[in-house]
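Right, one structure below, let's go through it.
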Amino acid sequence: MPAPLPSSRAVLLIQTAFIGDVILATALLERLHQTEPDTPVDFLVRKGNEGLLQNHPHVRRVLIWDKKHDKYRGLWRLLQQIRATGYDRVITLQRFASTGFLTAFSGARQRVGFDKNPFAFRFTRVVPHVIDVGVHEVSRNLHLLDPAAELALTPPRLYPTPADEAAAAPYAAAGPYLCIAPTSVWFTKQFPEEQWVKLLRALPPHYTVYLLGGPPDAEACARLLAASGRPGVINLAGQLSLLASAALMRGAVLNYVNDSAPMHLCSAVGAPTCAVYCSTVPFFGFGPLSPFSRVVELMEELDCRPCGLHGYRKCPLGHFYCAHGIETSQLLAALAEAEQTPPQPLPKREGL
């Protein structure tokens with residue numbers, strides 16, 4: 001695709017971290033569309049996450065950085081592309097040097113980012129990045145647009161295409177269903193397999209249960225299916241795109257997720273959510289934002305919890321009690337509430 005012509009008003013948003021971070025960043029697309037509907041907005045993501053924003057109604061163009069196979073040469077080419085486009089504003093949502101470098105030397109009139117970025121001294125506006133009680137990551141990001149604004153939080157939003165809706169439709173038509181996204185990149189953010197098996201065995205039998213995830217999660221989901229011995233469990237890991245998964249989750253009675261990307265998928269389509277927190281806590285500002293959202297976590301306090309902002313490859317103390325101490329009854333209580341709550345999903349793309 002040829003580079004767009006220079007635009008004196010265009011904005012570039014940069015978020016090259018993980019899937020969940022990109023989803024949360026879409027709140028800025030919504031805010032910009034509300035306040036500046038005629039401003040062209042481009043979005044830079046890492047390779048693999050572009051599917052979230054392809055054909056997004058508020059994105060002019062998606063830029064892609066292959067951080068894994070072409071990190072440094074790709075970064076230099078991106079800088080040249082960014083400078084040639086002539087953005088008015090470049091906003092990085094990250095606190096890493098690479099995206100700070102792109103922002104600092106973009107040539108944009110306004111170069112915006114957080115104070116913890118190593119290249120903040122080259123920005124024209126710097127915003128404090130503060131983790132505080134009740135402050136969601138979406139609010140922190142929105143302050144990059146207007147630090148003085150005290151507006152209501154604008155939720156993230158994704159727009160499954162008609163093709164995504166069609167991929168999810170046969171499964172959604174099967175009757176009342178639940179979705180479980182059982183995996184996470186981080187071990188200490190992931191509810192253990194034996195805990196998920198307990199839940200699967202305890203769920204009411206009239207529900208179909210869909211296990212969701214990407215291709216790397218298919219094996220773990222297959223193990224859950226086999227261990228549960230429960231009829232009506234279907235492993236869809238690796239079979240649906242992210243946006244098709246979001247479309248399916250939107251119609252579920254409840255979605256069981258970890259503190260990970262599928263939780264943010266739910267937030268972005270208004271899908272009912274039960275988020276299981278193990279080593280992390282909602283205090284960090286990454287909690288669910290769906291109209292129906294419940295958080296399940298250990299009911300007793302542990303001196304070692306939370307043990308970190310993003311989780312670890314293993315429990316630092318070896319017991320992982322923050323996960324193993326959660327009772328199945330807590331998750332079933334969230335389902336009982338969801339069953340009594342009218343669904344409030346966001347409208348499908350056709351309603352735009």
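Any read-out appearing in this document is the output of simple, stated calculations on the displayed coordinates, not a laboratory observation. Keep in mind that what you see is a predicted model, and the values were worked out from it rather than measured. Glycine gets a Cβ as well: all are built from the backbone with ideal geometry, and neighbour counts include every protein chain shown.
Observations on the model:
- Built amide H within the under 5 Å cut-off of Gly270, gap 5+: Leu346
- Part-to-part distance (alpha-carbon centres) for region 94-146 and region 271-286, which is given in Å: 24
- Taking amide H positions as modeled 1.01 Å from N, with prolines and chain starts lacking one, the residues under 5 Å from Ser293 and 5 or more places away or on another chain are Thr273.
- Of the chymotrypsin sites (Phe, Trp or Tyr not before Pro) found in region 104-211, the ones in coil according to DSSP and having at most 16 other Cβ atoms within 10 Å of their Cβ are Phe105.
- Dividing the helix sum by the residues of the chain, where each DSSP H run of 4 or more adds -39500 (n - 2.57), gives a mean residue ellipticity at 222 nm of -9500 deg cm²/dmol.
- Here the chain is assigned +1 on the Cβ of each Lys and Arg and -1 on the Cβ of each Asp and Glu. Its dipole about the Cα centre then comes out at about 1280 debye.
- Shape of region 11-142, Cα gyration tensor, a/c cut at 1.5: rounded
- Applying a threshold of 31 Å to the alpha-carbon distances of Lys71/Lys189; Lys67/Lys198; Lys68/Lys348 flags Lys67/Lys198; Lys68/Lys348 as lying beyond it.
- The order of Ile131, Ile14, going from fewest to most other C-beta atoms within 10 Å of their C-beta, is Ile131, Ile14.
- Relative contact order for region 11-142, counting Cα pairs under 8 Å that sit 6 or more residues apart, in percent: 23
- Loop GluC sites (Glu not before Pro), region 127-208, which have at most 15 other Cβ atoms in a 10 Å radius of their Cβ (DSSP): Glu150
- Among Arg250, Arg157, Arg109: highest mean-square fluctuation, GNM of the chain, C-alpha pairs under 10 Å: Arg109
- Relative exposure of Cys179, Cys322, judged by other C-beta atoms within 10 Å (fewest first): Cys322, Cys179
- For region 113-245, with +1 on Lys and Arg beta carbons and -1 on Asp and Glu, the positive-most of Gly229, Ile180, Gly213 along the dipole: Gly229
- Relative contact order of the chain: 15 percent, from C-alpha pairs under 8 Å at least 6 residues apart in sequence.
- About the centre of its Cα atoms, region 211-315 shows a dipole size close to 260 debye [charges on the beta carbon of Lys, Arg (+1) and Asp, Glu (-1) only; nearest 20 debye].
- For the chain, a Gaussian network of Cα nodes joined below 10 Å ranks Thr154, Thr103, Thr341 by mean-square fluctuation, and the top entry is Thr341.
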